[in-house]
Amino acid sequence: MSHIITAQLIVLADETIERKSAEVTDWAARIGWTVGLLLLVALVYWLMREGWKWRGSLQGDLPELPAPPEAPGDARLRLTGRYHGSTTAGQWLDRIVAHGLGARSRAELTLTAEGITVERTGAPGFLIPADRVRGARLDKGIAGKVLTEGGLLVITWEHGDRLLDSGFRSDRADEHAAWVQALQPATTAPAGPHTPEEGAA
């Protein structure tokens with residue numbers, strides 16, 4: 001009886017060794033899968049890069065961005081946080097990538113009489129001239145980035161013949177409301193009451 005049990009244990013041990021040996025020595029399949037996955041990732045990255053370049057070429061009519069002033073005036077408001085991108089106004093997925101506007105980065109905004117100076121880390125800074133600002137609002141998404149409701153400051157401005165939305169998020173979100181209020185377009189003063197002409201016959 002013990003001989004039978006011993007023989008069965010030997011057979012099981014041999015089968016286990018063979019399975020482990022097959023798993024260890026099946027490097028060709030593993031390498032093939034790894035190379036295939038790397039090629040797929042590289043293809044996706046290349047397609048994304050080409051799509052980005054193609055979108056940039058379509059936006060070639062967009063003028064160069066105004067440079068930040070060398071000597072800005074007195075700051076009315078400051079904001080430190082992140083720049084999340086720009087889109088065609090009212091179309092939060094129509095990303096603008098020309099002239100570096102598609103690059104997300106840390107940013108510092110300064111509101112002066114000249115306009116809004118945007119200084120960015122790792123990307124060119126630019127100026128949104130005061131006479132081109134068309135308003136601001138609180139929103140939750142832009143250029144594929146979705147945040148909490150009201151977590152994004154969106155500034156609408158005119159550049160060339162395009163109306164753009166640029167999204168920013170302050171490190172202190174309670175600062176957004178002051179920017180929205182400060183950037184509201186001026187309203188036309190209401191006309192006075194109409195007085196009939198005197199001396200009419």
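Summary table
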read-out	value
For GLY135, residues with placed amide H under 5 Å, excluding near neighbours	THR156
Förster-model FRET efficiency, 30 Å R0, ALA130 and LEU38, C-beta, rounded to 0.05	0.05
Förster-model FRET efficiency, 45 Å R0, ASP171 and ASP61, C-beta, rounded to 0.05	0.80
Theoretical gain in end-to-end length, LYS140 to TRP27 [0.36 nm per residue, Cα-Cα removed]	35.9 nm
Where Rh is the Kirkwood radius over Cα pairs, Rg/Rh for the range 128-185	0.97
ASP165, ASP61, ASP131, reordered so the largest accessible area comes first (probe 1.4 Å)	ASP131, ASP61, ASP165
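The values are calculated or read from the model by the stated rules, or taken from the named source; none is laboratory data. In this text the structure is predicted, and so the values were computed from the model without any measurement. Cβ atoms come from the backbone with ideal geometry, glycine included; neighbour counts cover every protein chain shown. Keep in mind that these areas ignore ligands, DNA and RNA; they rest on the heavy atoms of the full protein, side chains included. Shrake-Rupley method; radii C 1.70, N 1.55, O 1.52, S 1.80 Å.
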